[in-house]
1. Since S218 meets every condition but one in (1) closer than 23 Å to A29 by Cβ; (2) surrounded by fewer than 17 Cβ atoms within 10 Å (Cβ to Cβ); (3) in contact with a helix residue (DSSP H, G or I) (Cβ under 8 Å, 6 or more places away or on another chain), which condition does it not meet?
2. Specify the residue that is surrounded by the fewest Cβ atoms within 10 Å (Cβ to Cβ); the eligible residues are those in region 58-72 that are of a type in the set (G, A, S) and assigned to a strand (DSSP E or B).
3. For region 141-176, name all the residues that are touching a residue at least 40 places away in the same chain (Cβ under 8 Å), of a type in the set (K, R) and out of contact with any helix residue (DSSP H, G or I) (no Cβ under 7 Å at 6 or more places or on another chain).
4. Picking from K245, K184, which residue would you name as being open to solvent by 50 Å² or more (accessible area, probe 1.4 Å) and not aliphatic (A, V, I, L, M)?
5. List every residue pair whose Cβ atoms lie under 7 Å apart, where the two residues are 6 or more positions apart in sequence or sit on different chains, the first residue falls within region 183-207 and is more than 21 Å from G23 (Cα to Cα), and the second residue, located anywhere, is polar (S, T, N, Q) and surrounded by fewer than 24 Cβ atoms within 10 Å (Cβ to Cβ).
6. For the condition at pLDDT 85 or above and either touching a Pro at 6+ places or on another chain (Cβ under 7 Å) or under 20 Å from L99 (Cβ atoms) (or both), what is the one hit in V76, V64, V28?
7. Mind listing whichever residues of region 93-123 are over 22 Å from L155 (Cα atoms) and either under 21 Å from the mean Cα position of the chain (by Cα) or open to solvent by less than 40 Å² (accessible area, probe 1.4 Å) (or both)?
8. If I ask for residues that are of a type outside the set (D, E, K, R) and open to solvent by 20 Å² or more (accessible area, probe 1.4 Å), which ones from region 187-209 would you list?
Amino acid sequence: MVELSDIYLTYQAPDGEVPALAGITFDVAEGEFISIVGPSGCGKSTLLNAIAGLETPDSGSLLVDGHPLRGPDPAVGYMPQKDGLLPWRTIFSNLCLGLEIAGKNTPARQAEVRELLARYGLSEFAGKTPSQLSGGMRQRCALIRTLASGPKLLLLDEAFSALDYQTRLAVSEDIHNIIRREGKTAILVTHDISEAVSLSDRILLLTRRPARIKHIYSLDALRGIPPLARRDHPAFREFFNAIWKELDLHV
């Protein structure tokens, strides 16, 4: 689904050029859930932006669904930290916003949005405004809005960080289950090692900037176990400790 080969990327800052990525190479299989962790400011979000087509690498190859990425692509859906729901629009009209922008807000696509709302228990809130929903419900709606455009790949940039701890646990499991049920491929950027271990099939650990891949962890021992249940599994602590030990927090 995603193939990156020897990606280098430098961006322009007020004080000059900043090397962000250096020789990033990995692939993501269809249906896989990958998390990217690393020190703060190491280039995690820059890497995600490159896969979203929002940043252009200086060199290297980046393929999505077998095709070179030339900019934002309908096959790629992006879910940022904040839900971005417009306060003056109803939930239903918010979820159709992407379709409106793409010129695809047809009755058939609207019916698909209503089906997604029904499937995930949010139909009764279709006529509400965002202020009438909890933070967790708003994040679920944000995911449905992303799914409504029909992407094959979902990119989640610290998608749960704005929520309190208890809500974050519940919502991350809900969204993980939705992604699995919809058969999507997902890449999550997170600072939370526990979150990465509880949700992922594999974890990519990046070095300090310019980011290189320091280690790739395959969480085979936890496959098939729901996110919250993973936290009670002995392998959870083993993976957490291994990643924490290798995480370079030196500034």
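The values are calculated or read from the model by the stated rules, or taken from the named source; none is laboratory data. Note that the coordinates shown come from a computational prediction; the quantities given were computed from them, not determined experimentally. So basically every Cβ, Gly included, is an ideal-geometry build from the backbone, and we count neighbours across all protein chains shown. The area values use the complete protein model at the heavy-atom level, side chains included, leaving out ligands, DNA and RNA. Shrake-Rupley method; radii C 1.70, N 1.55, O 1.52, S 1.80 Å.
1. Single failed check for S218: (3).
2. Initial filter on region 58-72 (of a type in the set (G, A, S)): 59-61, 66, 71.
Checking the rest, the ones that are also assigned to a strand (DSSP E or B) come to 59-61.
Details: S59: 11, G60: 16, S61: 13.
Among them, the one singled out is S59.
3. Once the filter is applied, which keeps residues that are touching a residue at least 40 places away in the same chain (Cβ under 8 Å), of a type in the set (K, R) and out of contact with any helix residue (DSSP H, G or I) (no Cβ under 7 Å at 6 or more places or on another chain), region 141-176 yields only K152.
4. Details: K184 fails: open to solvent by 50 Å² or more (accessible area, probe 1.4 Å).
Being open to solvent by 50 Å² or more (accessible area, probe 1.4 Å) and not aliphatic (A, V, I, L, M) holds for just one of K245, K184, which is K245.
5. Short answer, once both residue conditions are applied: H191/S40; A196/T190.
6. Working: V64 fails: either touching a Pro at 6+ places or on another chain (Cβ under 7 Å) or under 20 Å from L99 (Cβ atoms) (or both); V28 fails: either touching a Pro at 6+ places or on another chain (Cβ under 7 Å) or under 20 Å from L99 (Cβ atoms) (or both).
Only one candidate qualifies: V76.
7. Answer for region 93-123, where residues must be over 22 Å from L155 (Cα atoms) and either under 21 Å from the mean Cα position of the chain (by Cα) or open to solvent by less than 40 Å² (accessible area, probe 1.4 Å) (or both): S93, L122.
8. We begin by selecting, within region 187-209, every residue of a type outside the set (D, E, K, R); these are 187-191, 193-194, 196-200, 203-207.
Matches in region 187-209: H191, S194, T207.
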